[in-house]
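One structure is given below, encoded as structure tokens.
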Amino acid sequence: MNRVIKVEKDLRGFMKVIFNRPEKRNAVNYQLMDELESILAEAARDDEVKMLVLTGAGTKAFCSGGDLSEFQDLYTEEEAFTMLSRMGEILYTLAVFPKPTLAYINGSAIGGGCEIATACDFRLAKSGVKLGFVQGTLGITTGWGGASILLEKIPGQKALKLLMDASIHKAEEAQGFGFVDEIVGEEGWEGFAEKLLRHETGVLAAYKKVLVNKWQASGLKGRMEAEIHECAKLWASDAHHAAVRRFLSMKK
């Protein structure tokens, strides 16, 4: 079985994690979950890795969220919760990863793709790329705990606007919301990363620990779990299943 995540290590200290399903716009499936879970565990232990950089293969997509062609058979609340909570655990692991993390949004980031980017410490985007928390258009909410993380990253009113309008925004608009930190060119993220990588791993890890301690004290994980439960309920609704059928029929 071919791997769906490519990993590249750089001598400067970053590990590049590339979602490699370009034919599916780098959507998340069960295999990608398995591989990402393993990669995060290995990178956390690897003293040579000072920073993680997440991006997508090709130029069209960073990540288009969950692969509905694979998850469409999840019909009940219980079935949905099993999948959603699994990815929620992975997102929490990414959020509290002991070293800095950066999402280079090199193409569209839709739905769960935005949730993954939110879990990273920094978000840099290529000019003009489109992104959006579009879950509402499918009759559900953020299913992997992304709203709870987003509310930790940007002001609440701006976060609610992004979540509730469920619209697609250009990267420049998302920067105005505070979601995107910088607009960069093809290799522009490297200059941003190098400013951090010049410091010792212990320095970077110590600052990240301050942030993680805050989130643990405020019960972030519990809030993410409650959010996932709410999405699982909506997943089982007729409105969601009808929206998925419409979406998949448009793809044929």
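For the reader, a short list of remarks on this structure follows.
- Out-of-range pairs (alpha-carbon distance over 25 Å; input Lys158/Lys214; Lys6/Lys126; Lys24/Lys153; Lys9/Lys221; Lys130/Lys153): Lys24/Lys153; Lys9/Lys221
- Using R0 = 51 Å, the C-beta based FRET efficiency linking Ser249 and Asp46 works out to 0.70.
- Pairwise Cα distances in the stretch 94-194 exceed 18 Å for 41 percent of all pairs.
- Convex hull projection area averaged over all views, the stretch 1-48, Cα basis, nm²: 3.7 nm²
- For the chain, excluding the exposed loop sites themselves (GluC sites (Glu not before Pro), DSSP loop, at most 13 other Cβ atoms within 10 Å), the longest remaining stretch covers 49-185.
- The Cα atoms of the chain cover 52, 40, 39 Å along the three principal axes, with the biggest extent listed first.
- Placed amide H near Ala61: partners under 5 Å, 5+ positions off or other chain: Ser108
- Only Lys, Arg, Asp and Glu carry charge here, each on its Cβ (+1 for the first two, -1 for the last two); on that basis the chain has a dipole of about 480 debye about its Cα centre.
- Backbone N within the stretch 1-32 under 11 Å of label point (7 Å from Asp73 Cα along the Cβ vector): none
- Among the trypsin sites (Lys or Arg not before Pro) in the stretch 189-244, those located in a DSSP loop and surrounded by at most 16 other Cβ atoms within 10 Å of their own Cβ are Arg198.
- For Ile183, Ile90, order by how many other beta-carbon atoms lie within 10 Å, fewest first: Ile183, Ile90
Every number in this text was worked out from the coordinates using simple rules, so none of it is lab data. On a predicted model such as this, the values are computed, not experimentally measured, just so you know. With ideal geometry, Cβ positions are generated from the backbone for all residues, glycine too; neighbour counts draw on all protein chains shown.
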